[in-house]
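This report concerns only the one structure given below.
The values are calculated or read from the model by the stated rules, or taken from the named source; none is laboratory data. Remember, it's a predicted structure, so these values are computed and weren't measured experimentally. FYI the Cβ positions are ideal-geometry reconstructions off the backbone, even for glycines, and counts take in every protein chain you see. Please note that ligands, DNA and RNA were not included when accessible areas were found on the heavy atoms of the full protein model with its side chains. Shrake-Rupley method; radii C 1.70, N 1.55, O 1.52, S 1.80 Å.
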Amino acid sequence: GEEDSDEEDDSDEEESSEEGDSDEESSDAEEFDDESQDTPPKKKRGWFGGLFGRKQKLEEEEEESGKRGKKSRKRRDEEEVFRDEDEESEEESESDSEDESYDEVDMLTAIEEGDNESGETGDSDEESEEDETDEESDEAFDDEPDIEIGTNASGSKAQTRKSKASAKSSHKKSQKKGGGKVVPTGEARPLTDEEIKERSRSEVCCIVTTTTVIIASVLLLGVAGGLGVAWAVGLFDDDDNNDDIGTRSNVTLEPSTSPPTTAPVPTSAPTGPTPTQAPTTAMFASIQSSACDFLPLRCGDLSNPDTPQYQALEWLAENPGVETMSEATQLARLGMATLYFSTDGANWRNSSNWISTTLPICDWYSSSAETICDANGNLLRLELDNNLLSGPLPHEVSHIRSLTTISIQSSGGRALNGTLPDSLSLIPGLTSIVITGNTLSGGAPAAYGQLTNIETLDLKDNGLSGELSTSFGPFSKAVTIDLSDNSFSGAVPGAIAGSTTDLTTLDLSGNGFISLPSALSSLQGIRNLYVQGNSFASFPAVVEEMITLVRLDLSNNQIGGVIPPGIGNLVNLKDLSLAGNAFSGEIISAIGNLVNLRRRLDLSNNALTGDVPSFLGSLTQLQRLILNNNEGLTGAVPASFANLDQLQSLHIEFTGLTGNIPTAVCTLFDSINPIAWADCSDHADDAPCFQYCCGADSCQCRYGSTDSRCFG
């Protein structure tokens, strides 16, 4: 009976202990639930915020672990006291059952410790997951079926509940020790404050280092990208831009030392470039350098965006394949393009293929009827006659080193202006310069005297002025020199007579020259000398020595005095004009020696006197005999004129001739029908074989203006 009473007391104590444990467990659960409810839901943060939030999280976890540790230690002490009492009371009767029960508890604890170890290997230990683990552990103990301990009758349900309660109590204590986790014995312990601080410092250092590396990498990438963009802009800026090479200034006569920096939009070129920034390509600089080396004094034009030279250089730098062209080809294209832009090529009469970036210059329009290039594609003939060029002839034409002929003849309103470029003298093979009918200014460049291969120098009717330089020549291979119809003045320099054998024609007419050099007498091949319309006051003595002359025109000067007898030396003359001077005296007999006169003998508009000599009838090849406007001539028409059977025209109007016209002369005229003028009223027979009768200041055809006899 006492044993039963003791067992009932023990059972009551166990039940009360179990109920106390249960109450404590429920209070702990409620406490944990309250904590989980009070804890606000965690916000998701970025990787950067997460790094800096870990320290705070660790501190919170350690603080919570400390609280739970105190409770765990209290529970552990109470449980140990309770366990000691249980062991003493049941030591004898239930030792085997207690061993089995504790084995069961140890097994359950080991299982949960294994679960906790796997949970600790995760990347994060959120408090919500800890709460779920607690709930699952409680459910695992509550739902576990009763375990029978052996066959001992004392192994009652109360003892079974006691074993389960002890196991659950051990499980709870283990969770509280680890801050809600089962802490396996000998494997984990709470971190000290120093360890927490050390770990925090390590993590902060790691975070700072990582952040610094990331920021430095971003900065380096930004710098590299900026440098790359700057390099790309510097390379391709036009001009580029470019550019600006490129790049440019006002016109100077000094070589450019740097590429241009800005480039305007061209206005005259229909297909030329329209840059907004000066080109800076290496090709632009290379061509510019070559051009400057050849024409250093004109290099400034290549640096000024307002010049045609700059436009041409910019155009050329963009030609496809220009980098593979020879320097000679590049400069030739530069010269041609500069000519186009300089002379308003957009308004030429014909500009076919000009400034084509792909076609060779041999395919560009030319007025020449001959082949303009050689077999190697070198331009030989630059001919643009009557093509309405307007503007200055640029120096850059001399870049076309292969040229042999330059011909730009203008007629009409549009013409070249400016000055003649002296740089043409740099073209070594140039044999012909024909630039006529323009409105140029300045004089004839002295440098043209260096044109040692020149054969034709024709600069007539250009408005040139000034005196010829004494170094204008010698033109050792010249055949024709024509400076007519300009405004040159002074003495003709002796250097012009440099070619003693080749020069055949020297035309100085229509200027203001006052004398001819004696050096002309050395011209052994001269045939044509035209000096009409100048300011000679006396007959040039050197002319009397130029016995090879075939044509001599000294008309419309101011030469006075008698006709020099030395004129008779020019026996090869076929054309002689002394008209429009102030010659006086009789027609000298020496003229009778000029039996080869054929085209013309013109002594009109002078002050000659005396009878018309009969020896003029011996000039049987003569086609035109002109004696009009010599009021001092008197007498009758010589009968010897009947020998002039080649005569095409005869002028004896406005003279003092009188008398009847010899019948033989009229008979000849009726057969050859020349055009003849006379003062009909001054002749007794009214000069019946002369078509035109003159009086006062006019002449009229006696047969009417529509009669064929009035036209010869």
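Some values worked out for this structure:
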{"read-out": "Placed amide H near Ala676: partners under 5 Å, 5+ positions off or other chain", "value": "Leu650, Gln691, Tyr692"}
{"read-out": "3J(HN,Hα) from dihedral phi, the range 539-550, Karplus parametrisation 6.51/-1.76/1.60, rounded to Hz, x for glycine, proline", "value": "5, x, 4, 4, 5, 5, 9, 8, 6, 7, 4, 10"}
{"read-out": "Per-residue ³J(HN,Hα) for the range 457-468, Karplus 6.51 cos²θ - 1.76 cosθ + 1.60, θ = phi - 60°, Hz, x for Gly and Pro", "value": "10, 10, 10, 6, 6, 10, x, 5, 8, x, 8, 6"}
{"read-out": "Area accessible to solvent at His683, 1.4 Å probe radius, in Å²", "value": "10"}
{"read-out": "Exposure ranking of Asp679, Asp611 by accessible area [1.4 Å probe, largest first]", "value": "Asp611, Asp679"}
{"read-out": "Neighbour cut-off at most 13 other Cβ (10 Å), DSSP loop, GluC sites (Glu not before Pro), the range 343-440", "value": "Glu370"}
{"read-out": "For the range 268-422: span of alpha carbons on each principal axis (Å, largest first)", "value": "41, 35, 29"}
{"read-out": "Leu451 - accessible surface, heavy atoms, 1.4 Å probe, Å² rounded to 10", "value": "10"}
{"read-out": "Dimensions (Å) - the range 322-399, Cα atoms, principal axes, largest first", "value": "33, 24, 21"}
{"read-out": "Rounded accessible area per residue of the range 361-425, 1.4 Å, Å²", "value": "37"}
{"read-out": "Pairwise Cα inverse-distance average, inverted: Kirkwood Rh of the range 566-707 (Å)", "value": "15.1"}
{"read-out": "Rounded accessible area of Met546 (nearest 10 Å², 1.4 Å probe)", "value": "0"}
{"read-out": "Coil-residue trypsin sites (Lys or Arg not before Pro) of the range 318-396, DSSP, other Cβ within 10 Å capped at 13", "value": "Arg349"}
{"read-out": "In sequence order, calculated HN-Hα J values of the range 477-482 (Karplus, 6.51, -1.76, 1.60; Hz; x Gly/Pro)", "value": "10, 5, 9, 10, 10, 10"}
{"read-out": "Compactness of the range 374-473 as Cα Rg over 2.2 N^0.38 Å, two decimals", "value": "1.03"}
{"read-out": "Anisotropy class of the range 473-542 from Cα gyration tensor, a/c 1.5 cut", "value": "prolate"}
{"read-out": "At 0.890 mPa s and 25 °C, Stokes diffusion of the range 441-485 via Kirkwood alpha-carbon radius, µm² per second", "value": "228"}
